[in-house]
Amino acid sequence: KRLGVRKHGEHYTVRSLCLALGEDHHKVDGWIASGHLPAGRRHTDREHDMYLILEKDVRRFIIAHPTEINVRRCDGLWLIDLLANGG
């Protein structure tokens, strides 16, 4: 909450995931386009928030591709909570 990371139910938008991970939307969009990070379409005209990403898919992505995440840029408390509460 302190970073403005908001979930929509069990989903993240690209923007909120970018804030949590400390990445720009190009990188997150690339993960989605490559199929490494599953995302569902959101019916909106906003360019960078057109996807909804399930929390469980974010967790799976981080576990499967740990070298993609720069832990120095991401919100450490969010990351610990995401990984610790997933199992």
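The values are calculated or read from the model by the stated rules, or taken from the named source; none is laboratory data. Note that the structure is predicted; figures quoted are calculated from it, not measured. With ideal geometry, Cβ positions are generated from the backbone for all residues, glycine too; neighbour counts draw on all protein chains shown. Areas reflect the complete protein model, heavy atoms only, side chains present, ligands, DNA and RNA absent. Shrake-Rupley method; radii C 1.70, N 1.55, O 1.52, S 1.80 Å.
Quick notes on this one:
- Remark: pairs (first residue in region 64-87, basic (Lys, Arg); second residue open to solvent by less than 70 Å² (accessible area, probe 1.4 Å); Cβ separation under 6 Å; 6+ apart in sequence or on different chains) = 73/22.
- Tally, over region 56-71, of residues that are open to solvent by less than 30 Å² (accessible area, probe 1.4 Å), of a type outside the set (Asp, Glu) and assigned to a helix (DSSP H, G or I): 3
- Among the residues making up region 34-55, those that are at pLDDT below 95 and not in a loop (DSSP other than H, G, I, E, B) are 40, 41, 51, 52, 53, 54, 55.
- Scanning region 1-33 for residues that are outside any loop (DSSP other than H, G, I, E, B) and modelled with pLDDT under 85 yields 7, 8.
- Test: residue 74 is part of a helix (DSSP H, G or I), touching a helix residue (DSSP H, G or I) at 6+ places or on another chain (Cβ under 8 Å) and surrounded by 15 or more Cβ atoms within 10 Å (Cβ to Cβ): no
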